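Asks: Below is the structure I would like to discuss, written out as structure tokens.
The values are calculated or read from the model by the stated rules, or taken from the named source; none is laboratory data. Every value quoted in this text rests on a predicted model; they were computed, and no experiment measured them. Don't worry about glycine lacking a Cβ; one is built from the backbone with ideal geometry, like all the others, and counts go over all protein chains shown. Note: accessible area is taken over every heavy atom of the protein model, side chains too, but ligands, DNA and RNA are not part of it. Shrake-Rupley method; radii C 1.70, N 1.55, O 1.52, S 1.80 Å.
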Amino acid sequence: MELKSLGYIGIQSAKLDDWSNLATRLLGMQEVDRGGKLRAFRMDDRKQRLVVDGDHDNGLGFLGWEVDHKSDLQSIAARFESHGTAVTAGSRALADARHVAELISFADPGGNRIEIFWKPELASEPFVPGRPISGFRTGPLGMGHAVLNVDDIEPMLAFYRDLLGFHVSDYGLTPYKLYFFHLNGRHHSFAMVESGKRSMHHFMVELGSLDDVGQGYDLAQPDEGRVAYTLGRHTNDHVTSFYSHTPSGFFIEYGWGGRVIDPETWQPHETFDGPSLWGHERLYMPEDMRGRLRNMRLDAAARGVQVPDPSVPPLNCPWLDSVIARE
Ligand code: MBD
Ligand code: FE
């Protein structure tokens with residue numbers, strides 16, 4: 001597959017100081033000085049992962065998807081052009097602003113700006129987090145996942161799955177259509193929810209330890225209205241997370257513990273247990289919808305639906321018990 005991971009995200013927001021506070025003090029990203037109305041944030045050894053452009057106020061600016069080779073940009077552009085989708089080669093100035101060697105861009109059927117890039121620039125200075133966190137889980141899994149609100153999922157499926165080569169991980173059809181896609185071992189780097197809107201729903205960043213998420217959750221508490229979804233655990237990717245409101249009307253999911261799938265053997269399938277195993281009360285949502293989601297969780301819990309926690313040894317393991325008994 002050509003696309004390898006979610007490389008970067010661009011936001012258009014005039015609320016630059018609010019974004020800086022959120023990104024550094026709560027999330028633990030590192031702000032890098034870019035001058036003017038541009039703020040950039042590091043999560044790892046790359047020069048930037050998140051960019052906020054204060055000259056516009058439109059929510060999502062762009063999603064940047066990474067390929068390994070320059071030739072991948074050419075093959076994708078050729079495929080799109082034969083399909084009648086206009087592709088623009090990024091200028092040198094744009095590639096410099098993104099801190100990548102080269103990129104192409106186009107719009108998806110929902111009008112979202114998609115960029116595909118090759119060869120990100122690495123910083124010479126080590127990553128210094130904005131608050132003491134263990135770090136972000138990026139590398140081959142990419143910077144996290146992005147989820148879009150869509151009004152009509154069919155043309156978007158044709159575009160992302162059939163033309164761009166995103167692989168379906170799983171999908172749920174109730175209470176709304178929700179499709180998850182992978183490009184690597186991360187269960188989903190991209191998802192779409194057919195909510196009737198066209199906008200960013202959230203993006204997720206994954207932390208190195210559960211304590212990073214728990215301490216972030218505590219930091220968010222005194223900030224009235226900051227938490228959008230309470231702490232909870234997702235059914236499909238096993239991520240334990242909470243969601244924060246952002247200055248741009250969408251959410252950021254702050255998570256830990258994502259499973260790593262094997263893309264070679266993974267089979268797409270429908271899911272029936274709802275999005276969350278427990279928690280994730282959507283504090284902003286009307287009670288009727290909240291109640292439906294809560295009933296799905298309670299039903300899954302009553303059926304004993306759980307996922308293994310790899311960091312904790314299994315209970316009642318005769319071998320482990322015998323080792324401990326001998327010590
Ligand atoms: C996710 O990461 C997510 O954000 C939702 C809504 C459901 C399952 C996994
Ligand atoms: Fe998510």
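Let's see how each residue does on (1) within 14 Å of ligand 2 (Cβ to nearest atom); (2) modelled with pLDDT of 95 or more; (3) of a type in the set (Lys, Arg):
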position	(1), (2), (3)
Gly208	no, yes, no
Gly214	no, yes, no
Gly232	yes, yes, no
Ile261	no, yes, no
Pro275	yes, no, no
Met285	no, no, no
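Asks: From the list Met143, Met156, Met192, which residue is part of a strand (DSSP E or B) and of a type in the set (A, V, I, L, M)?
Replies: Values: Met143 fails: part of a strand (DSSP E or B); Met156 fails: part of a strand (DSSP E or B).
The match here is Met192.
Asks: For segment 211-231, enumerate the residues that are part of a strand (DSSP E or B) and surrounded by fewer than 17 Cβ atoms within 10 Å (Cβ to Cβ).
Replies: Going through segment 211-231, the residues part of a strand (DSSP E or B) turn out to be 227-231.
Within segment 211-231, Thr230 is the sole residue that qualifies.
Asks: Scan segment 95-112 for residues that are outside any loop (DSSP other than H, G, I, E, B) and crowded, with 17+ Cβ neighbours inside 10 Å and jot them down. Before the answer, list the steps.
Replies: Pass one, segment 95-112, residues outside any loop (DSSP other than H, G, I, E, B): 95-98, 100-107.
Passing the criteria: Ala95, Ala97, Arg98, Val100, Glu102, Leu103, Ile104, Ser105, Phe106.
Asks: Shifting gears a bit: Would you say Thr265 is among the polar types (S, T, N, Q) and either within 12 Å of ligand 2 (Cβ to nearest atom) or in contact with a Lys or Arg (Cβ under 8 Å, 6 or more places away or on another chain) (or both)? Spell out the reasoning first.
Replies: Working: among the polar types (S, T, N, Q): yes; either within 12 Å of ligand 2 (Cβ to nearest atom) or in contact with a Lys or Arg (Cβ under 8 Å, 6 or more places away or on another chain) (or both): no.
Answer is no for this residue.
Asks: Still on this structure, I have one more. Tell me whether segment 194-207 contains one or more residues that are of a type in the set (A, V, I, L, M, F, W, C), under 20 Å from the mean Cα position of the chain (by Cα) and more than 15 Å from ligand 1 (Cβ to nearest atom).
Replies: Checked against the condition, which is being of a type in the set (A, V, I, L, M, F, W, C), under 20 Å from the mean Cα position of the chain (by Cα) and more than 15 Å from ligand 1 (Cβ to nearest atom), segment 194-207 yields no hits at all.
Asks: Just checking, does segment 124-140 include any residue being of a type in the set (Asp, Glu), part of a helix (DSSP H, G or I) and over 24 Å from Arg186 (Cβ atoms)? Give the steps one after another, and end with the answer.
Replies: Here is the first cut: in segment 124-140, the residues of a type in the set (Asp, Glu) are 125.
Add one more test, that the residue is part of a helix (DSSP H, G or I), and what stays is none.
No: segment 124-140 contains no residue that is of a type in the set (Asp, Glu), part of a helix (DSSP H, G or I) and over 24 Å from Arg186 (Cβ atoms).
Asks: Okay, moving on. Taking segment 182-204 only, how many residues are out of contact with any Phe, Trp or Tyr (no Cβ under 7 Å at 6 or more places or on another chain) and more than 15 Å from ligand 2 (Cβ to nearest atom)?
Replies: 5
Asks: While we're here: Collect the residues in segment 175-207 that are open to solvent by 40 Å² or more (accessible area, probe 1.4 Å) and out of contact with any strand residue (DSSP E or B) (no Cβ under 7 Å at 6 or more places or on another chain), keeping them in residue-number order.
Replies: Gly196
Asks: Mind listing just one residue for me: the one in segment 240-259 that is without any contact (Cβ under 8 Å) to a residue 40 or more places away in the chain and within 14 Å of ligand 2 (Cβ to nearest atom) and, of those, farthest from Gly59 (Cα to Cα)?
Replies: Taking segment 240-259 first, the residues without any contact (Cβ under 8 Å) to a residue 40 or more places away in the chain are 240-242, 245.
From what's left, within 14 Å of ligand 2 (Cβ to nearest atom): 240-242.
On the way: Thr240: 26, Ser241: 22, Phe242: 21 Å.
Of everything passing the filter in segment 240-259, Thr240 is farthest from Gly59 (Cα to Cα).
Asks: Any residue in segment 209-234 that's under 25 Å from Leu298 (Cα atoms): show its pairings with residues that are away from ligand 1 (no atom under 15 Å from the Cβ) and part of a helix (DSSP H, G or I) at Cβ separation under 9 Å, as long as the two are six or more apart or on different chains.
Replies: Correct list of pairs: Val227/Tyr217; Val227/Ala220; Thr230/Tyr217; Leu231/Gly214; Leu231/Tyr217.
Asks: Cβ-Cβ below 6 Å, separation at least six or inter-chain, first residue in segment 141-165 and more than 9 Å from Gly110 (Cβ to Cβ) and open to solvent by 10 Å² or more (accessible area, probe 1.4 Å), second more than 16 Å from ligand 1 (Cβ to nearest atom) and modelled with pLDDT under 95: which pairs?
Replies: Listed by first residue and then by second, the contacts come to Gly165/Met1.
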